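Notes for the one structure printed next.
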Amino acid sequence: MSTEQKSLPVLIAGGGIGGLAAALALVRQGFHVIVLEQAPEIGEIGAGIQLGPNAFHAFDALGIGEKARGRAVYTDYMVMHDAVDEYQVGKIPTDEKFRQRFGNPYAVIHRADVHLSLLEGAQETGQVEFHTSTRVVRIEQDDTGVTVYDQHGKAFKGVALIGADGVKSVVREQFVADPARVTGHVVYRAVVEKKDFPVDLQWNAAAIWVGPNCHLVHYPLRGGEQYNVVVTFHSRQQEEWGVTEGSKEEVQSYFQGICPKARQLIDLPKTWKRWATADREPIGQWTYGRVSLLGDAAHPTTQYMAQGACMAMEDAVTLGEALRTTHNNWPQALDLYQRARVARTARIVLSSREMGRIYHAKGVERLVRNDLWRGRSADRFYDAMEWLYGWNVGNCLDAAHHNA
């Protein structure tokens with residue numbers, strides 16, 4: 001690689017979890033990074049997210065393991081109940097045995113705390129430059145680099161561009177231009193203070209109550225001082241993809257027929273944020289010359305696998321490893337990165353759709369769902385999760401060698 005090329009920065013569209021993770025991975029490969037963020041400040045909206053062991057492998061590979069670990073809440077188990085009759089469908093311990101099996105814990109954390117850990121890590125390197133209120137509108141490239149123009153016509157030049165600009169990615173729009181698949185599922189998210197949270201639900205667990213065309217999730221955040229509450233339902237109206245303020249009345253109108261214990265959850269929040277969800281069909285190509293997609297821009301998914309942020313961080317680590325093994329040869333590295341990630345992330349998108357169906361089962365399908373895991377041991381649950389939680393920096397490129 002010529003010195004001139006090495007001295008050009010890498011451009012990243014988007015300063016969310018994926019963009020910051022990518023910035024950290026790139027700095028570790030010796031690059032200077034410019035992050036272009038359309039919002040007026042670098043921040044994160046949302047509430048809690050779940051972190052599988054794969055997320056902790058990614059944090060460690062990005063050098064922020066300690067920061068993230070200090071902000072997470074470590075759960076004792078994951079549990080699913082039928083929201084109609086309180087039947088326990090399945091319970092998976094996330095104890096010492098789980099940690100030994102996967103080399104890392106299961107945890108829950110506020111989305112902003114993941115973002116903050118990545119942001120602090122990026123700022124501490126001194127190699128990441130942030131441009132806020134900067135919206136990418138046009139991308140040009142040749143054999144040696146990429147030029148990105150913002151809404152004011154300002155040009156940024158880089159050796160490559162990583163489109164980490166989320167579910168409504170401008171970068172993806174320019175190269176793929178595929179439609180979103182609006183699910184009609186609406187997600188309401190809120191954070192509730194411990195003092196306002198029902199004592200009989202203050203479990204140290206990632207808990208889900210599954211009902212006909214709906215489900216409810218709750219788990220502790222921030223040292224157990226707060227609880228994350230998420231409710232999902234099939235909307236009666238035509239939905240447009242996006243986030244708005246929610247109304248208490250709307251939520252309550254969807255949860256008739258739910259047992260009183262789970263129903264308490266929807267009466268708690270004072271304010272809700274409302275997400276009308278969408279995903280896209282998985283694509284086999286997200287690298288175009290020196291431009292590649294990452295995170296939700298590459299593989300937007302519904303939330304049922306609780307893996308959106310984890311996948312974005314895995315992408316970033318894999319990109320870094322692809323550059324390391326190709327000695328920073330961008331065309332080769334981006335090809336390797338794509339081949340390593342396409343099938344795995346598509347599996348998340350497709351599994352998430354299927355999981356949404358299982359959660360929301362009704363009639364006989366609900367009975368099938370409630371029988372699915374009856375009598376299953378912890379080890380058998382762990383075997384079923386191996387493909388997901390067994391990912392780490394050592395095996396992150398393996399799929400690329402099979403998909404050559």
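The values are calculated or read from the model by the stated rules, or taken from the named source; none is laboratory data. Computed from a predicted model, the values in this text were never measured in an experiment. Note that we place each Cβ from the backbone using ideal geometry, even for glycine, and neighbour counts take in every protein chain shown.
Taken over the stretch 238-263, the criterion of being within 19 Å of K362 (Cβ to Cβ) and assigned to a loop (DSSP other than H, G, I, E, B) is satisfied by Y254, F255, Q256, G257, I258, C259. The helices (runs of 4 or more DSSP H) found wholly in the stretch 1-74 and carrying at least 1 residues that are crowded, with 19+ Cβ neighbours inside 10 Å occupy 17-27, 53-61, 65-71. Entry remark, the stretch 77-116: residues being of a type outside the set (S, T, Y), within 19 Å of W373 (Cα to Cα) and within 22 Å of the chain's Cα centre (by Cα) number 5 in total. Scan the stretch 364-397 for residues that are among the small types (G, A, S) and either closer than 14 Å to H57 by Cα or touching a residue at least 24 places away in the same chain (Cβ under 8 Å) (or both) and the total you get is 3. Buried (at least 23 other Cβ atoms within 10 Å of the Cβ) and either hydroxyl-bearing (S, T, Y) or within 25 Å of L367 (Cβ to Cβ) (or both): is that true of I266 in this structure? So I266 does not fit the description; no. Restricting the first member to the stretch 1-21 and to residues that are of a type in the set (D, E, K, R), and the second to residues that are modelled with pLDDT of 95 or more and outside any strand (DSSP E or B), the beta-carbon pairs closer than 8 Å and six or more apart or on different chains are K6/G30; K6/V159; K6/N328. With respect to Y337, is the statement that it is in contact with a helix residue (DSSP H, G or I) (Cβ under 6 Å, 6 or more places away or on another chain), of a type in the set (F, W, Y) and over 24 Å from L118 (Cα atoms) true? Judged against the criteria, Y337 is not a match. Annotation note: of D379, D315, D383, the sole residue that is surrounded by fewer than 14 Cβ atoms within 10 Å (Cβ to Cβ), under 29 Å from V108 (Cβ atoms) and within 23 Å of the chain's Cα centre (by Cα) is D383.
Only a single item in (1) over 30 Å from P93 (Cβ atoms); (2) at pLDDT 90 or above; (3) not acidic (D, E) is not met by G242, and it is number (2). When the strands (runs of 3 or more DSSP E) confined to the stretch 126-237 are screened for residues that are among the hydroxyl-bearing types (S, T, Y) and touching a strand residue (DSSP E or B) at 6+ places or on another chain (Cβ under 8 Å), those reaching at least 2 such residues are found at 146-150, 181-193, 226-234.
Just so you know, in the stretch 98-125 the residues that are in a helix (DSSP H, G or I) and among the aliphatic types (A, V, I, L, M) include one that is farthest from A160 (Cα to Cα), and it is A112. Of all residues in the stretch 166-209, those satisfying the criterion of being more than 17 Å from T277 (Cβ to Cβ) and β-branched (V, I, T) are V170, V171, V176, V191, V192, V199. Among the residues here, L265 qualifies as more than 18 Å from the chain's Cα centre (by Cα) and over 18 Å from R111 (Cα atoms). Take the conditions (1) touching a Lys or Arg at 6+ places or on another chain (Cβ under 7 Å); (2) modelled with pLDDT under 95; T318 misses just one of them, which is (2). Can you run down the residue pairs with Cβ atoms below 9 Å, 6 or more apart or on separate chains, where the first is in the stretch 313-338 and without any contact (Cβ under 8 Å) to a residue 40 or more places away in the chain and the partner is in a helix (DSSP H, G or I) and among the small types (G, A, S)? So the pair list comes out as T326/A333; Q332/A322; A333/A322. In the stretch 215-226, what residues are touching a His at 6+ places or on another chain (Cβ under 7 Å) and either modelled with pLDDT under 95 or charged (D, E, K, R) (or both)? Result: L221, R222. Consider the stretch 270-299 and keep the residues that are over 24 Å from R339 (Cα atoms) and not polar (S, T, N, Q). The one that is surrounded by the fewest Cβ atoms within 10 Å (Cβ to Cβ) is K270. Could we say that S351 is at pLDDT 95 or above and surrounded by 12 or more Cβ atoms within 10 Å (Cβ to Cβ) here? Yes.
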